[in-house]
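Okay, structure first, notes after.
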Amino acid sequence: MNGSCSFKLENSYELKYKSTITGVISKGRLKDLKGVSVKVLLLWLNIVELVRDGDELQFSVGVASADVPIENFEECPQCGCGLDCNKFNNFLSSS
């Protein structure tokens, strides 16, 4: 993948990731992340840490964090259509 890709989680945040993502992996945690960001209002903020807490994923941008149900990631999102690729592909094929 060249450049970056963005998608919106269902009824939630818009995420963007670059073609290269780096960070440190440990049990239940990704830290020192680079290459992943979230849109908050009109600003794109870098996600610096991701922690699994039971059935929640906690995304941290440093000064603030948000919990997202882990079930939002049971499907692997795809660039451009996120988790709604079936709806997106059906729309394209009916056009």
If the cut-off is 20 Å between C-alpha atoms, which lysines fall inside it for K39, apart from same-chain ones fewer than 8 positions away?
K8, K16, K18, K31
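Below 9 angstrom from the Cβ of L50, what's the summed charge of the other residues (Lys, Arg +1; Asp, Glu -1)? Before the final figure, lay out the partial values.
Numbers: positive: R29, K31, R52; negative: E49.
Net charge around L50: +2.
The numbers here are math on the coordinates, done by the rules we state, and not lab data. Just so you know, these numbers come straight off a predicted model, no measurement behind them. Because the Cβ atoms are built from the backbone with ideal geometry, glycine has one as well, and the counts that use them run over all protein chains shown.
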